[in-house]
Amino acid sequence: MDIGIDLGTTYSVIAVKGQVELTAGYPAGTYLPECDVTIIPTPDGDSTFPSVLWIDPDDPAVVLVGQEAKQKAEEGDCPIMFAKRSIGTNEPLPLGDRTLTAREVAKHVLAHLKACAERALGEPVRRAVITHPAYFDLSQIDETRKAAIDAGFDMADPGQMMMEPAAAALAYLHADPRDPLRILTYDLGGGTFDVTVLERNQGVISLKAYDGNHLLGGYNFDRAFVEWLRGRLEAQGRVVPYNEHDPADRARRARLLQLAEQVKIRLSQQRNDKVYIPVSDRQILEDEQGRPIQIEERINCADYTALIRELLDETIARCHSALAKAALEAADLDAVLLVGGSTYAKWVVDTVSAAFEVDVDPFNPNLCVAAGAALQAADLPGMTASAGFQMRIDTPRESPLPTINFGGVVRGAEGRELTPEECGALQAILTTPEGVTTEPVGVSPSGRFVFEGLTLLEDDPSLFRIQLLDASGAPALSAEHSITYAPESSGTTEITSVLPKPLYLKTDPLTVMAEEGVTLPARCEVRLQRLHTRPIERIAVLQQNDPEPVGHILVEGIPPEAGEGRRMVIQVEINQHRQIRGTATVYGPHDNVVITAPVQLELPAVKVPTLPELQERFGELEARRQQEVVFSQDPQARLVLGGKGRKLSERIQALLAEMEPDKQEVNELVREL
């Protein structure tokens with residue numbers, strides 16, 4: 001049985017399609033009838049799993065994930081929390097006297113979720129659809145996929161990595177039969193924020209535009225509260241020392257963040273903005289002399305909202321940006337869908353309602369992403385393998401349309417991508433439910449095939465039989481696939497997407513791979529003259545305005561006769577799962593084809609500078625900014641540096657003053673400055 005996983009910053013969720021009875025002795029699941037999905041709980045019966053990891057420093061074989069790991073903070077230890085914010089980077093996450101990468105943390109969390117799902121279902125779980133924020137970069141998506149493979153999942157199908165807004169929309173649209181339907185998803189989780197504009201038309205979900213901030217979420221609210229609390233204590237003369245290299249101090253900060261989360265939850269349950277709740281604790285903090293600090297404060301919803309107002313305003317600005325990219329206005333929306341655990345709070349509901357003058361729809365904010373992933377998992381194409389080939393059928397098992405296109409992709413043994421020459425030697429034939437065999441269709445250089453305009457039976461499932469023919473015309477592989485015509489179904493026949501951020505190849509001149517907002521898949525062709533004789537060609541991939549590459553396209557195994565001065569043509573495709581695929585053709589001295597090979601994509605971890613490096617860089621930039629504000633001969637430059645530049649500087653200074661500055665946030669603002 002394939003499952004869906006919402007791998008969250010603070011909490012994760014497991015779901016499976018259908019009303020599933022879990023094994024005896026395991027807590028009962030939560031059935032969501034509106035989208036026909038069962039939520040698999042923790043062994044303690046909770047719907048969500050804390051995304052927290054702790055490893056015993058004395059016995060590395062003792063690994064705790066979830067509530068048990070979170071509890072370690074109460075015992076004076078410091079588990080790893082919020083690791084998802086660092087996925088795709090080289091940032092070391094401290095755990096006792098060792099460090100882990102975010103990918104290693106995700107591996108442990110996913111392995112725990114897999115084990116719990118297998119225990120609950122009573123059978124092996126080999127595949128999962130795992131969600132990620134829409135605004136994740138290529139390296140972040142790739143590292144998440146690799147963590148899932150490390151955890152024991154088969155992640156061979158591209159559709160197993162799914163954007164969180166698409167998953168939430170899939171669950172919501174399963175329950176809402178309106179078609180056409182246009183919605184905006186406001187996805188505010190524990191550590192990330194995404195906004196997506198999408199519509200359904202004749203069963204097809206089209207993701208029209210994106211915006212967001214992968215470093216904005218409930219964790220930022222918790223940090224704002226912690227800094228407010230520190231400020232109140234310092235006003236009373238109680239200075240709280242902090243050393244990020246001291247495990248005891250890190251443990252105290254972890255407990256402070258847990259206190260902040262508890263306060264946030266209690267405030268979100270208040271109906272009256274003016275009613276104060278007590279904030280008290282006598283065991284968390286110590287002053288510079290090692291004496292315990294007694295926390296005795298109070299706060300109400302109005303004061304808390306004022307603390308995070310700037311963050312809330314940023315989410316609304318991102319929403320308007322996404323609408324502008326989709327060439328829409330708020331009045332064009334049929335619904336605003338709230339997604340993510342942070343959207344339960346009154347301050348979010350009120351902020352979004354006021355901004356769009358609509359009744360927002362809190363549709364299972366904590367669970368709907370996992371529910372949509374489970375629906376996608378149930379529709380994962382089956383894999384058939386024999387005679388050195390694999391075939392994946394990409395056609396849904398249910399369609400509201402009477403006529404469909406039937407397609408799939410062919411790979412070599414163990415998922416190897418076939419060369420264009422190998423693909424060119426293959427053909428596919430299809431036998432319809434009426435027993436009619438079609439004319440053979442060719443397999444494209446990328447391994448795809450499609451039969452267009454097939455009519456479904458009205459009253460019974462339509463059973464199609466497909467055969468793959470090898471170079472001699474002999475059957476190499478066959479499979480059956482049943483499709484039900486369901487005209488009244490609110491099911492989705494297809495999900496299409498646009499590219500959230502533009503991509504370029506660093507050539508001379510720069511080559512546009514795909515602009516922001518282009519419908520995927522997108523293709524480009526690059527023609528180069530080789531400048532060296534090395535057997536590897538390496539071309540940087542740039543994203544948006546970032547001068548640092550997000551990855552490299554590699555062509556390997558180039559023979560000596562295709563060296564300096566020889567012609568190379570690279571054809572690249574970015575598919576709807578934002579994977580980059582392509583082929584390179586290299587020519588010899590007589591303009592003859594020397595080699596045609598698939599390109600490879602190298603996605604290195606993003607380097608996050610150390611805090612001293614960031615402080616030094618900011619100091620240099622701030623000195624330059626202040627000098628230019630006074631002495632620049634350009635009045636526009638003085639205006640920008642004295643306005644937006646000053647605000648950036650103030651935000652950086654505020655972040656650097658925190659108990660433990662978030663290096664990624666500081667780094668992004670320093671680069672913007």
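What net charge is computed for the residues neighbouring Pro609, neighbours being all others with C-beta under 14 Å from the C-beta of Pro609, Lys and Arg scored +1, Asp and Glu -1? Mind showing how you got there, number by number?
Numbers: positive: Lys607, Arg617, Lys663, Arg671; negative: Glu91, Glu548, Glu613, Glu616, Glu620, Asp662, Glu665, Glu668.
My count for the surroundings of Pro609 gives -4.
Give me the number: length gained by fully extending Glu75 to Asn405, i.e. 0.36 nm times residue separation minus the C-alpha to C-alpha distance, one decimal in nm.
Values: separation 330, 0.36 × 330 = 118.80 nm, distance 5.87 nm.
Stretched fully, the Glu75-Asn405 segment lengthens by 112.9 nm.
How would you rank 302-309, 455-462, highest first, on the average number of other Cβ atoms within 10 Å across their residues?
Details: 302-309: 16.5, 455-462: 13.2.
Top to bottom by mean Cβ count within 10 Å: 302-309, 455-462.
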Taking the Cα atoms only, what angle lies between the long axis of helix 611-631 and the longest principal axis of the chain, rounded to 10 degrees? 80
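Can you sort Asp97, Asp150 by 1.4 Å-probe accessible area, starting with the largest? Let's see the in-between values first.
Values: Asp97 145, Asp150 75 Å².
Accessible-area ranking of Asp97, Asp150, largest first: Asp97, Asp150.
Give me the dipole magnitude in Debye, nearest 20, for the stretch 184-245 about the Cα centre, with unit charges on the beta carbon: positive for Lys and Arg, negative for Asp and Glu.
On the way: 6 positive and 8 negative charges, 32 e Å.
With Lys and Arg at +1 and Asp and Glu at -1, about 160 debye.
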Phi-based couplings in Hz for the stretch 12-27 (Karplus 6.51, -1.76, 1.60; Gly and Pro marked x): 10, 9, 10, 9, 9, 6, x, 8, 9, 8, 7, 5, 4, x, 9, x
Run the simple label-point estimate for Gln19 and Gln544 please: 7 Å along Cα→C-beta, distance reported in nm. 4.5
Indicate, rounded to the nearest 5 percent, the antiparallel portion of the DSSP beta bridges found entirely in the chain. 85
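Quick one: accessible area per residue over the stretch 107-168, 1.4 Å probe, rounded to a whole number of Å²?
Numbers: 1710 Å² over 62 residues.
Per-residue value: 28 Å².
Do the sum for the chain: with -39,500 (n - 2.57) for every DSSP H run of n ≥ 4, divided by all residues, what is the mean residue ellipticity at 222 nm, to the nearest 500 deg cm²/dmol?
On the way: 15 runs with 193 residues, N = 673.
Calculated mean residue ellipticity at 222 nm is -9000 deg cm²/dmol.
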Quick check: net charge around Gln636, other residues with Cβ under 12 Å of its Cβ, Lys/Arg +1 and Asp/Glu -1? 0
Whole-Hz Karplus ³J(HN,Hα) for the stretch 407-418, in order, using 6.51 cos²θ - 1.76 cosθ + 1.60 and θ = phi - 60°, x for Gly and Pro? x, x, 9, 10, 10, x, 4, 6, x, 4, 6, 7
How high is the relative contact order of the stretch 13-62, given as a whole-number percent (alpha carbon pairs under 8 Å, six or more residues apart)? 32
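With charges set only on the Cβ (+1 for Lys and Arg, -1 for Asp and Glu), what does the dipole of the stretch 229-318 come to about its Cα centre, in debye to the nearest 20? Provide the component values of the computation, followed by the final result.
Details: 16 positive and 16 negative charges, 73 e Å.
Using only the charged Cβ atoms, the result is roughly 360 debye.
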Any idea what angle helix 138-150 forms with the longest principal axis of the chain, computed on alpha-carbon atoms, 0 to 90 degrees, nearest 10? 80
Karplus (6.51, -1.76, 1.60) ³J(HN,Hα), θ = phi - 60°, over the stretch 113-126, in Hz, Gly and Pro reported as x: 4, 4, 5, 5, 5, 5, 5, 6, 8, x, 7, x, 10, 9
Using a 7 Å offset from the Cα along the Cα-to-Cβ direction at both Ala306 and Ser444, what is the distance between the two label points in nm, to one decimal? 5.8
Which distance in nm do the two modelled labels at Asn243 and Gln615 give, with both placed 7 Å along the Cα-to-Cβ direction? 1.5
Built amide H within the under 5 Å cut-off of Gly212, gap 5+: Val195
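Find the relative contact order for the chain and round it to a whole percent, using C-alpha pairs within less than 8 Å whose residues are 6+ positions apart. Don't skip to the end; give the middle numbers.
Values: 1430 pairs, mean separation 76.6, N = 673.
Computed value for the chain: 11 percent relative contact order.
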Surface share of carbon and sulfur [accessible, 1.4 angstrom probe, percent] for the chain: 47
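Provide the net charge surrounding Val518, with neighbours chosen by a C-beta distance below 13 Å and charges set as Lys +1, Arg +1, Asp -1, Glu -1.
On the way: positive: Lys208, Lys325, Lys501, Arg523, Arg578; negative: Glu515, Glu516, Glu573.
Value of the local net charge: +2.
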Set Lys and Arg Cβ to +1 and Asp and Glu Cβ to -1, take the dipole of the stretch 481-593 about its Cα centre, and tell me which of Ile570, Thr533, Ile483 lies farthest positive. Thr533
For the full complex of protein chains and a 1.4 angstrom probe, list Trp54, Trp228 by accessible area with the highest value first. Trp228, Trp54
Choose one of Leu614, Gly29, Tyr11: the residue whose Cα lies farthest towards the positive end of the charge dipole of the chain (beta-carbon charges +1 Lys, Arg; -1 Asp, Glu; about the Cα centre). Leu614
To the nearest 20 Debye, how big is the dipole of the chain about its Cα centre, given +1 on the beta carbon of each Lys and Arg and -1 on that of each Asp and Glu? 1060
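What FRET efficiency comes out for Asp44 versus Asn272 if R0 is 30 angstrom and r is the Cβ-Cβ distance? Round to the nearest 0.05.
Working: r = 33 Å, r/R0 = 1.09.
Efficiency, from the Cβ-Cβ distance: 0.35.
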Selection from Leu648, Ser342, Ala327, by position along the positive dipole direction of the chain (Cβ): Leu648
Heavy-atom accessible area with a 1.4 angstrom probe orders Arg282, Arg127, Arg617, most exposed first, as Arg282, Arg617, Arg127
With a 10 Å radius around each residue's Cβ, average the other Cβ atoms per peptide and rank 503-511, 289-297, 658-666, 388-396, highest first. 388-396, 658-666, 503-511, 289-297
Rounded to the nearest 0.05, what FRET efficiency is calculated for Ser386 and Asn592 with R0 set to 25 Å and r the Cβ-Cβ distance? 0.10
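The values are calculated or read from the model by the stated rules, or taken from the named source; none is laboratory data. Bear in mind that the values here come from a model prediction, so they are computed numbers and not experimental data. FYI the Cβ positions are ideal-geometry reconstructions off the backbone, even for glycines, and counts take in every protein chain you see. All accessible areas refer to the heavy atoms of the entire protein, side chains included, with ligands and DNA or RNA removed. Shrake-Rupley method; radii C 1.70, N 1.55, O 1.52, S 1.80 Å.
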